[in-house]
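This report concerns only the one structure given below.
The values are calculated or read from the model by the stated rules, or taken from the named source; none is laboratory data. Predicted, not measured: the structure shown is a model, and the values here were computed from it. Don't worry about glycine lacking a Cβ; one is built from the backbone with ideal geometry, like all the others, and counts go over all protein chains shown.
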């Protein structure tokens, strides 16, 4: 998240999008690791954490994951689709409101997962 903030200040907003997404993704990987699992696939990681939420093995809600979403659930404004757009595309100009939302939501979920992991 520090790198995302740094890149926003340097006007490299497209990089900040990817860094925000990966901060959330790596937080989800940390949950799986703590539970003894490993994933090398974004879809599987998200689905596995959704399963842990559904079975009440972790104290998160589906709402907490609503901004990262899997491909089936993607909208044009979720973190995963934004990351793909700016990582694989040629566009570098990011809507400032959307970027602010992305940064806010990714910070919130990463902080929540840090608390969950430190409690267990």
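Among the numbered conditions (1) assigned to a helix (DSSP H, G or I); (2) surrounded by fewer than 18 Cβ atoms within 10 Å (Cβ to Cβ), the only one that residue 15 does not meet is (2). Cβ separations smaller than 8 Å between residues 6+ apart or across chains give the following pairs from region 51-74 residues that are closer than 19 Å to residue 107 by Cβ to residues that are part of a loop (DSSP other than H, G, I, E, B) and modelled with pLDDT under 90: 66/78; 67/78; 68/78; 69/75; 69/78.
Is it fair to say residue 40 is assigned to a loop (DSSP other than H, G, I, E, B), without any contact (Cβ under 8 Å) to a residue 12 or more places away in the chain, at positive phi and surrounded by fewer than 17 Cβ atoms within 10 Å (Cβ to Cβ)? Considered against the rule, which asks whether it is assigned to a loop (DSSP other than H, G, I, E, B), without any contact (Cβ under 8 Å) to a residue 12 or more places away in the chain, at positive phi and surrounded by fewer than 17 Cβ atoms within 10 Å (Cβ to Cβ), residue 40 comes out as no.
Screening residue 30 with (1) modelled with pLDDT under 95; (2) part of a helix (DSSP H, G or I); (3) surrounded by fewer than 17 Cβ atoms within 10 Å (Cβ to Cβ) gives one miss only, at (1). On inspection, residue 48 qualifies as over 14 Å from residue 110 (Cβ atoms), assigned to a helix (DSSP H, G or I), touching a helix residue (DSSP H, G or I) at 6+ places or on another chain (Cβ under 9 Å) and modelled with pLDDT of 90 or more. All of (1) at pLDDT 90 or above; (2) over 12 Å from the mean Cα position of the chain (by Cα); (3) in a helix (DSSP H, G or I) hold for residue 107 with one exception: (2).
Test residue 102 against the stated conditions and say whether it is under 12 Å from the mean Cα position of the chain (by Cα), at pLDDT 80 or above, in a helix (DSSP H, G or I) and over 25 Å from residue 36 (Cα atoms). In short, yes.
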